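Below you'll find the structure, written out as structure tokens, and then a few comments.
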Amino acid sequence: MNKTAASAGISPAPSRDAARKGIATGLVLATLGAIAFSGKAIIVKLAYRYGVDAVTLIMLRMLFALPLFALMAWWAGRGKPALTGRDWIGVIGLGFSGYYLASFLDFAGLAYISASFERLILYLNPTLVLFFGWLLYRRHPTRPQVLGMVVSYAGVLLVFGHELWTGGGGKGGGAAAWGAFLVFLSAVSYAGYLVYSGEFVKRLGSLRLVGLATTVACVLCILQFVLTRPMSVAMAVAPEVIWLSVLNATLCTAVPVLMVMMAIERIGPAMAAQTGMIGPLSTILMGVVILGEPFTPWIAAGTVLVIAGIFVFTRKGR
């Protein structure tokens with residue numbers, strides 16, 4: 001610190017090295033968060049090998065995640081004003097759409113399609129947010145955004161056509177179509193959450209909103225199981241399903257939420273979103289290595305198109 005600044009009690013501006021270190025840390029956090037999020041589909045596919053159903057599997061995931069998200073909501077809400085009735089209605093609605101319904105549809109769809117295809121469908125989320133913005137607020141897309149959408153959807157349709165042609169990995173073309181439809185509805189549900197969450201993020205803060213909304217979703221998933229399944233079903237699952245659910249709740253759910261939040265603080269949402277493009281690639285790689293899913297030229301071409309389209313969409317569409 002120079003003497004003039006020190007004598008005046010002024011802190012020096014951050015050095016370039018410190019700024020570069022912050023950016024590097026943010027990029028690492030965003031990358032690890034995207035990879036951890038992507039691992040969710042792999043864990044779900046592994047758990048399905050033990051004969052568990054979607055309702056039971058998502059209940060176990062949310063049961064183990066509930067204490068973590070409740071703690072997150074409490075931590076982020078310390079010293080903040082209590083939620084109003086309107087706030088609670090919004091939180092419950094967002095928790096239902098963004099985390100309960102989207103998660104359940106995603107888990108259900110993964111029973112019929114590959115983890116790689118699932119990730120490509122979910123990666124269309126920014127285009128769905130744009131569509132809702134046009135539908136609800138008449139925000140017209142730019143030409144680069146339209147181009148990005150066309151390229152991305154072409155990639156998904158390419159992989160979808162291949163899944164139908166090959167019979168969805170032995171499950172039949174109809175099953176592949178049903179699974180893709182469920183996962184697409186999951187993306188639609190989460191896009192609705194993103195569109196309506198902006199107002200509540202400003203009022204409650206992102207971490208507090210995520211903690212509260214996911215806590216609501218955890219309760220809904222557990223309630224769904226209690227109302228539709230006997231408790232003996234949960235007691236009869238294989239021990240491997242329990243450990244996979246613990247891993248899903250922590251490493252692939254709570255931990256990446258914190259990583260991405262910390263990354264956004266350091267590098268901003270735009271760069272964090274761009275870094276998140278590693279997600280589909282990591283899912284495909286883990287699907288090939290861990291699940292033994294085939295890596296075909298169709299999947300490679302579809303992935304390139306989806307990532308290229310989203311890159312154009314997010315980079316040129318702002």
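Please report, in debye to the nearest 20, how large the charge dipole of the chain is about its Cα centre when each Lys and Arg carries +1 at its beta carbon and each Asp and Glu carries -1 there.
The calculation lands at about 1060 debye.
What's the angle, to the nearest 10 degrees (0 to 90), between helix 85-95's Cα axis and the longest principal axis of the chain?
Tilt relative to the chain: about 50 degrees.
Express the accessible area of the stretch 29-315 per residue in Å², computed with a 1.4 Å probe while the remaining protein chains stay in the model.
46 Å²
With point charges of +1 on the Cβ of Lys and Arg and -1 on the Cβ of Asp and Glu, referenced to the Cα centre of the stretch 154-264, which listed residue (194, 233, 243) lies farthest in the positive direction of the dipole?
The one lying farthest along the dipole's positive direction is 194.
Along the stretch 291-303, what does the Karplus equation 6.51 cos²θ - 1.76 cosθ + 1.60 (θ = phi - 60°) give for ³J(HN,Hα), rounded to whole Hz, x for Gly and Pro?
9, x, 5, x, 10, 9, x, 5, 5, 4, 5, x, 5
Quick one: Karplus J couplings for the stretch 227-237, per residue in order, coefficients 6.51, -1.76, 1.60, θ = phi - 60°, nearest Hz, x for Gly and Pro?
So the J values, rounded to whole Hz, are 7, 10, 9, x, 4, 4, 5, 5, 6, 9, 5.
Can you tell me which aspartates and glutamates have their Cα less than 12 Å from the Cα of residue 45? Leave out same-chain residues fewer than eight positions away.
Cross-link targets: 53, 106, 118, 293.
Karplus couplings for the stretch 41-46 from phi (6.51 cos²θ - 1.76 cosθ + 1.60, θ = phi - 60°), rounded to Hz, Gly and Pro as x?
For the stretch 41-46, the Karplus-derived couplings read 5, 5, 5, 4, 4, 5 Hz, x marking Gly and Pro.
What is the percent carbon and sulfur in the accessible area of the chain, measuring with a 1.4 Å probe over the protein chains and ignoring ligands?
72 percent
Please give the helix 54-76 orientation as an angle from the longest Cα principal axis of the chain, in degrees from 0 to 90, rounded to the nearest 10.
Helix 54-76 sits at roughly 10 degrees to that axis.
Mind checking which aspartates and glutamates have their C-alpha under 14 Å from residue 202, skipping anything on the same chain fewer than 8 residues away?
87
Quickly estimate the mean residue ellipticity at 222 nm for the chain, helices only: each DSSP H run with n ≥ 4 gives -39500 (n - 2.57), and the total goes over all residues, rounded to 500.
When only DSSP H runs of four or more count, the value is -26000 deg cm²/dmol.
The values are calculated or read from the model by the stated rules, or taken from the named source; none is laboratory data. In this text, all values refer to a predicted model and were calculated from it rather than measured experimentally. Counting neighbours? That spans all protein chains shown, and the Cβs are built from the backbone with ideal geometry, glycine included. Surface areas here come from the heavy atoms of the whole protein model, side chains and all, with no ligands, DNA or RNA. Shrake-Rupley method; radii C 1.70, N 1.55, O 1.52, S 1.80 Å.
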